[in-house]
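Down below is the structure, laid out as structure tokens.
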Amino acid sequence: MAMHAHAQTGRLFRFLLKKEWLKLTIWLIGSLFFVFIGVFAFTEVYGDAAERQAMAIAMSNPAMEALFGRAIGLDNYTVGAMYSHTMTVMALSLFALLSILLVVRNTRAEEEDGILEMLRALPTGRLSHTISALLYLVLTNVLITVLSTALIFSIGDPSMTFEGALLTGMIYGTAGLFFGAVALLMAQLSSNGRGAMMLSFGILGVSYMLRIIGDSGTEVLSWISPLGLLYGTEPFVNNYWWPVLVALGITALIVILALYLQHRRDIGAGLLPEKAGKRHASALLKTTIGFALRLLKTPLIVWLIALLMLGVSYGSVINDVEGMLANNEIIEQIIMSNPDLNIVDQFISMIIGVLSIAATIPALQALLRLKGEEKKNRTEKIITGNRSRIKILGVFLGISLVTSIVMQLAQLVAFGGAMLAMDADLSFGSLFESGIAYLPAMWVMIGGAVVLIGWLPKFTGLIWAYLGFAFTVLYFADLFDMPEWLTGISPYYHIPEIPTDEWSWTVTLLSTGLAIVLAIVGLIGYQRRDING
Amino acid sequence: MTAVLEVNNVTKMFGKFQALNGVKFKLNKGEVLGFIGPNGAGKSTTIRILLGMLKADFGNAKIFGKDVWTDAVDIHKRIAYVPGDVNLWPNLTGGEVIDLFLSMRGVKVNKQRKENLMKRFEFDPTKKCRAYSKGNRQKVALISAFAADADLYILDEPTSGLDPLQERVFQECVQEVKEKGASVLLSSHILSEVERLCDQVAIIRQGSIVEAGSLEDLRHLTRIQINLRTREEASKLVEQDWVHDLTYENGTYIFQLDADHMDDLIRFIQPHGVVKLESAPAKLEDLFMRHYETTEGGV
């Protein structure tokens with residue numbers, strides 16, 4: 001029986017490449033572009049050793065470590081060390097995300113759609129479909145490893161040695177393999193693609209948070225986190241190889257477990273139980289708002305919990321930032337020379353910017369769910385009922401706006417609460433002012449999404465690219481010295497960084513006004529266009 | 001006759017829910033078996049067990065004398081499967097998917113035959129699958145199934161999205177493979193289709209086979225509609241326990257007769273002077289409904 005478990009894997013794999021090659025190419029180009037930007041910017045902007053050393057000092061405080069990872073190679077902060085320190089966690093998360101999506105899309109999602117059933121009715125082995133997806137995962141990550149290594153080594157400066165470049169490529173690929181294997185395991189536990197994806201993202205999220213907490217104190221947590229473990233290779237600084245071997249070993253074990261479960265279980269079955277649903281629709285469900293909320297309930301709750309945890313994680317490291325201030329003469333000197341530049345305040349406003357972008361994701365997701373419904377031919381069933389298009393889009397828009405406010409306030413409470421619990425000296429008022437100042441920027445993003453839904457429904461995905469860009473600006477604008485015209489495209493860039501800056505009614509009103517105009521334009525478009533399903 | 005397919009007391013539990021309870025039937029070479037039953041009765045579960053995708057908790061099923069779970073790959077080389085709900089990869093064309101499925105069956109593809117089928121089903125293979133309607137997606141599976149020879153065709157509500165013209169094409173295809181000596185397991189809700197195509201019928205209800213046999217045999221088990229006019233009154237008919245639902249209108253008796261009591265009927269009415277005797281054979285639908293309607297106490 002096991003003999004036949006992988007029959008025709010080769011043919012399935014070739015076929016998988018045929019349907020995936022375009023996606024693979026786009027992902028690879030995107031990922032390599034990300035790597036390229038990092039290496040290129042650092043070699044260009046931080047060519048000067050003294051400048052890098054100054055950066056090293058600015059980077060070596062717990063707040064920055066919580067963001068980027070433990071500071072490494074500070075005594076000789078080369079371009080390579082700088083790249084490893086600041087880019088690794090982001091890159092690992094990106095490649096993990098890529099592999100999770102890849103695995104779920106090619107395993108459980110196809111099983112859920114009934115495609116696997118047809119393939120299994122052909123003379124293919126019980127594991128062939130899964131193994132071909134695994135081969136694809138391996139191929140993708142080998143390509144990521146090889147291409148990243150080549151790219152970094154060819155355009156990096158002399159501090160970027162071949163060994164370091166190879167190690168960097170290896171941890172990128174290993175992160176992908178690890179989280180791809182996790183996704184495969186989750187695909188056995190959950191009976192649907194969505195569940196498998198949520199569980200995998202959950203594990204990625206927990207790894208990220210463990211690393212934050214670990215890197216700002218309890219170091220052992222960093223080593224438990226796969227992200228922290230691979231970060232511990234410290235490419236270009238110490239080039240430790242053992243974490244790669246440990247991660248690959250664990251990956252192999254996860255894959256074996258997943259294949260074992262896959263081989264044993266029935267098609268369509270998940271190991272996690274599903275409970276019976278309700279017989280009747282509640283009065284709330286029969287209203288448009290209740291219906292929309294029901295569709296969005298689970299992702300919104302998951303996001304709320306995730307953002308609360310993120311807020312608490314960042315809030316709990318605040319004391320270390322202060323402790324650093326008290327002990328570090330150099331930083332004190334920086335503050336003395338520029339009394340406006342308070343590291344704690346800077347940290348807080350930076351974090352609130354990051355949190356605001358994070359909170360925009362669920363708000364956009366709530367709105368774009370309407371597009372998802374259309375794609376699955378379900379909006380037609382609502383629109384042919386007694387509910388107008390304007391009302392339906394209006395309800396989703398309303399929920400999206402409320403989501404932005406609730407998520408933002410909730411994480412501010414978590415962030416502020418955690419800081420208070422740490423006996424940090426802060427004004428809750430200015431913290432909220434700072435967070436609320438970002439709301440209009442979030443609404444501009446929502447307005448943009450409404451315009452896409454109303455006029456360019458095929459390109460609603462662009463809003464994610466825009467949000468990704470906004471995040472890049474926030475995170476890297478100073479690091480990369482981005483020009484003003486470029487950074488200005490991000491609505492978040494214009495928001496005053498309270499408490500460092502003053503509250504600005506001009507920005508608030510202009511942004512809100514822009515958001516309203518965008519929303520109206522989008523609503524008009526949605527009223528006029530064809531509904532495609 | 002050699003049994004191509006044998007199902008012996010197959011039982012399947014999903015958690016605490018008993019999906020199949022001792023399912024038992026068989027299909028011989030060259031025969032078409034209609035597999036019918038209400039939604040949720042266990043048809044698709046049975047078929048998935050036959051395809052080696054679900055593992056039976058008890059009992060066993062054999063195709064070509066091989067175990068459906070352990071020898072799935074070998075068995076699948078000689079079968080073709082069409083599901084009722086076909087989903088395909090949105091970014092590939094129908095033609096590509098058909099070729100893929102055929103190549104994986106490892107059979108020689110007669111290109112002429114494939115083209116011919118596409119023409120008969122009025123199928124455009126150059127469109128991406130995301131643009132196909134349910135009926136067109138189903139045609140992809142049907143063409144892949146019939147474009148190459150198989151010894152057993154497993155069809156799970158294969159015509160649920162087809163229009164009546166194409167359903168006729170489908171029926172022709174089934175006839176053709178039958179003439180070539182292949183066996184067909186046809187699960188369907190379209191009883192006229194089953195009646196026209198099938199030699200054997202198995203009715204499943206709540207996870208058990210409640211009736212199985214040739215359509216001829218089953219007809220004997222059921223009732224025949226009789227229209228009878230006699231010169232003299234035959235009011236004693238109502239007292240016979242093989243007469244059901246008797247009505248009397250304009251001198252004509254209309255009633256249901258237990259199929260195996262035709263002889264009794266003839267003997268009984270002969271002295272009354274028969275003017276007219278019409279009988280209509282039992283429809284599969286009547287048989288089916290009788291089984292469906294006796295769900296009291298169930299569910």
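The values are calculated or read from the model by the stated rules, or taken from the named source; none is laboratory data. What you are looking at is a predicted structure, and each value in this text was computed from that prediction instead of being measured. Every residue, glycine among them, receives a Cβ derived from its backbone with ideal geometry; neighbour counts consider all protein chains shown. The protein model used for the area step is the full one, side chains on, heavy atoms only, and it has no ligands, DNA or RNA in it. Shrake-Rupley method; radii C 1.70, N 1.55, O 1.52, S 1.80 Å.
Would it be correct to say that B:I98 is more than 24 Å from A:R14 (Cβ to Cβ) and among the β-branched types (V, I, T)? Working first, answer last.
On the way: more than 24 Å from A:R14 (Cβ to Cβ): no; among the β-branched types (V, I, T): yes.
So B:I98 does not fit the description; no.
So for segment A:8-16 (the condition being within 14 Å of chain B (Cβ to nearest Cβ), touching a helix residue (DSSP H, G or I) at 6+ places or on another chain (Cβ under 7 Å) and not in a helix (DSSP H, G or I)), does at least one residue qualify? Let's see the steps before the verdict.
So in segment A:8-16, the residues within 14 Å of chain B (Cβ to nearest Cβ) come out as A:8-16.
With touching a helix residue (DSSP H, G or I) at 6+ places or on another chain (Cβ under 7 Å) added as a condition, the list becomes A:8-9, A:11-13, A:15-16.
Subsequent filtering for residues that are not in a helix (DSSP H, G or I) retains A:8.
Yes, the conditions are met somewhere in segment A:8-16.
Which residues, counting only those in segment B:51-92, are hydroxyl-bearing (S, T, Y) and in contact with an Asp or Glu (Cβ under 9 Å, 6 or more places away or on another chain)?
Result: B:Y81, single match.
Which of the residues that make up segment B:59-71 are without any contact (Cβ under 8 Å) to a residue 24 or more places away in the chain and either among the charged types (D, E, K, R) or at the interface with another protein chain (Cβ under 7 Å from one of its Cβ atoms) (or both)?
Scanning segment B:59-71 gives B:K66, B:D67, B:T70, B:D71.
Can you tell me which of B:V86, B:V109 is open to solvent by 50 Å² or more (accessible area, probe 1.4 Å) and either part of a loop (DSSP other than H, G, I, E, B) or outside the structural domain of B:H189 (by TED's automatic domain parsing) (or both)?
Exactly one of B:V86, B:V109 is open to solvent by 50 Å² or more (accessible area, probe 1.4 Å) and either part of a loop (DSSP other than H, G, I, E, B) or outside the structural domain of B:H189 (by TED's automatic domain parsing) (or both), namely B:V109.
Just the residues that are more than 7 Å from chain B (Cβ to nearest Cβ) and in a loop (DSSP other than H, G, I, E, B), please, taken from segment A:99-125.
Passing the criteria: only A:T107.
Kindly evaluate B:K180 against the criterion of being basic (K, R) and not assigned by TED's automatic domain parsing to the domain that holds B:P38.
Answer is no for this residue.
For A:S159, indicate whether it is open to solvent by 10 Å² or more (accessible area, probe 1.4 Å), more than 30 Å from A:G315 (Cβ to Cβ), assigned by TED's automatic domain parsing to the domain that holds A:R265 and part of a loop (DSSP other than H, G, I, E, B).
yes
With respect to A:I405, is the statement that it is surrounded by fewer than 20 Cβ atoms within 10 Å (Cβ to Cβ) and not assigned by TED's automatic domain parsing to the domain that holds A:A91 true? Step through it out loud before you land on a result.
Working: surrounded by fewer than 20 Cβ atoms within 10 Å (Cβ to Cβ): yes; not assigned by TED's automatic domain parsing to the domain that holds A:A91: yes.
Yes; evaluated as a whole, the condition is true for this residue.
Restricting segment B:91-102 to residues that are within 9 Å of chain A (Cβ to nearest Cβ) and open to solvent by 40 Å² or more (accessible area, probe 1.4 Å), which is modelled with the highest pLDDT?
B:E96
What are the residues in segment B:16-70 that are open to solvent by less than 10 Å² (accessible area, probe 1.4 Å) and either in a strand (DSSP E or B) or outside the structural domain of B:L186 (by TED's automatic domain parsing) (or both), if any?
B:A19, B:L20, B:V23, B:L27, B:V32, B:L33, B:G34, B:F35, B:I36, B:A61, B:I63
Could you check, for segment B:122-137, whether at least one of its residues is hydrophobic (A, V, I, L, M, F, W, C), open to solvent by 60 Å² or more (accessible area, probe 1.4 Å) and either farther than 19 Å from A:L116 by Cα or within 14 Å of another protein chain (Cβ to nearest Cβ) (or both)?
Looking through segment B:122-137, at least one residue is hydrophobic (A, V, I, L, M, F, W, C), open to solvent by 60 Å² or more (accessible area, probe 1.4 Å) and either farther than 19 Å from A:L116 by Cα or within 14 Å of another protein chain (Cβ to nearest Cβ) (or both).
Within 23 Å of the chain's Cα centre (by Cα) and in the same structural domain as A:S313 (by TED's automatic domain parsing): is that true of A:M442 in this structure?
Considered against the rule, which asks whether it is within 23 Å of the chain's Cα centre (by Cα) and in the same structural domain as A:S313 (by TED's automatic domain parsing), A:M442 comes out as yes.
Do the conditions hold for B:T11, that is, is it modelled with pLDDT of 90 or more and under 17 Å from the mean Cα position of the chain (by Cα)?
No; evaluated as a whole, the condition is false for this residue.
In this structure, is A:G125 at positive phi and of a type outside the set (F, W, Y)?
When the stated conditions are applied, A:G125 does not pass them.
Residue-wise test of (1) surrounded by fewer than 17 Cβ atoms within 10 Å (Cβ to Cβ); (2) touching a strand residue (DSSP E or B) at 6+ places or on another chain (Cβ under 7 Å); (3) closer than 18 Å to B:V109 by Cα; (4) free of Cβ contacts under 8 Å to residues at least 24 places away in the same chain.
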residue	(1), (2), (3), (4)
B:I143	no, no, yes, no
B:A147	no, no, yes, no
B:A150	no, yes, yes, no
B:I154	no, yes, no, no
B:E157	no, yes, no, no
B:Q166	no, no, no, no
B:Q175	yes, no, no, yes
B:G181	yes, no, no, no
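For the subset of segment B:73-82 comprising residues that are crowded, with 23+ Cβ neighbours inside 10 Å and of a type outside the set (V, I, T), which member is farthest from the other protein chains (Cβ to nearest Cβ)?
My answer is B:A80.
Yes/no per residue for (1) modelled with pLDDT of 95 or more; (2) surrounded by 15 or more Cβ atoms within 10 Å (Cβ to Cβ):
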residue: A:L474; (1), (2): no, yes
residue: A:L486; (1), (2): no, no
residue: A:I489; (1), (2): no, no
residue: A:T500; (1), (2): no, yes
residue: A:G513; (1), (2): yes, no
